[in-house]
Amino acid sequence: MIGMMGMKMFFERSTAIFISVLLITSIVMIDRGFAIGDLGIVVERMEGAGEVNKCKYCGRFMKVGNIPKDVHVTLGNIMRENLSARNVGYKMDSNNGNYINLLVYRYEERVGGDLGVDKPAGVGFHMHLMENNALKRVFTFDEDQQALSENLLNIGKFFRRGAKWLTVEELSRDAINQVLDAILEEHR
């Protein structure tokens, strides 16, 4: 009887120890789950449509285009979705000094539909990766979607994007996705 009672206590303690170790390991791994850690997200729009302005973060010049007033909401949502999909934590601020600043200087909607346009969508932005409030890296994206007949070298991009004319939001989503891939690849 004592042997069976001892075995039962051994298994109960072993199970309790196993569950404790599993929980502690899970908690520790959750903290290490993000490749970069919690990044702040700041989305700004450049003022002065039609002007050539200098970026206050990286010093590069850009020709400012039309930008809707609420673009920060749309692009902020796209940034959050993309970071979440990559298991990267985020906050909508720059308080911890490590953040991504997305400075939009052009955000122009297409004129037309999925199959034909009079004017394609165009997006221009700088994505600044800031660490300890210092500029670490700059990624620039500036594109007006082109017809496949204008540049056959874009055939891969054309099919990856669904073989259609994109809205400005779809073009922005693709651009942010590309840039975040590059940022995360550098941190591996």
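The values are calculated or read from the model by the stated rules, or taken from the named source; none is laboratory data. The model shown is predicted, which means the values in this text are computed figures rather than measured ones. Neighbour counts are summed over all protein chains in view; Cβ atoms, including those assigned to glycine, are modelled from backbone coordinates with ideal geometry. These area figures cover heavy atoms from the full protein model, side chains too; ligands, DNA and RNA do not enter into them. Shrake-Rupley method; radii C 1.70, N 1.55, O 1.52, S 1.80 Å.
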Worksheet item: Under 9 Å by Cβ, and 6 or more places apart or on different chains, what pairs join a residue from the range 76-94 that is under 17 Å from Glu169 (Cβ atoms) with one that is open to solvent by 80 Å² or more (accessible area, probe 1.4 Å) and among the β-branched types (Val, Ile, Thr)?
Response: none
Worksheet item: Which condition number in (1) open to solvent by 60 Å² or more (accessible area, probe 1.4 Å); (2) of a type in the set (A, V, I, L, M, F, W, C); (3) under 22 Å from Cys55 (Cβ atoms) is the one that Leu103 fails?
Response: (1)
Discussion item. Take Arg110 and tell me if it is under 17 Å from Val179 (Cβ atoms) and of a type in the set (D, E, K, R).
Written reply: no
Practice prompt. Could you tell me whether any residue of the range 117-129 is surrounded by 16 or more Cβ atoms within 10 Å (Cβ to Cβ), touching a Phe, Trp or Tyr at 6+ places or on another chain (Cβ under 7 Å), of a type in the set (Gly, Ala, Ser) and within 27 Å of Lys63 (Cβ to Cβ)?
Written response: yes
Discussion item. Quick check on my filter: what residues within the range 136-174 are open to solvent by less than 60 Å² (accessible area, probe 1.4 Å), of a type in the set (Gly, Ala, Ser) and either modelled with pLDDT under 95 or closer than 18 Å to Gly116 by Cα (or both)?
Written reply: Ala147, Gly156, Gly162, Ala163
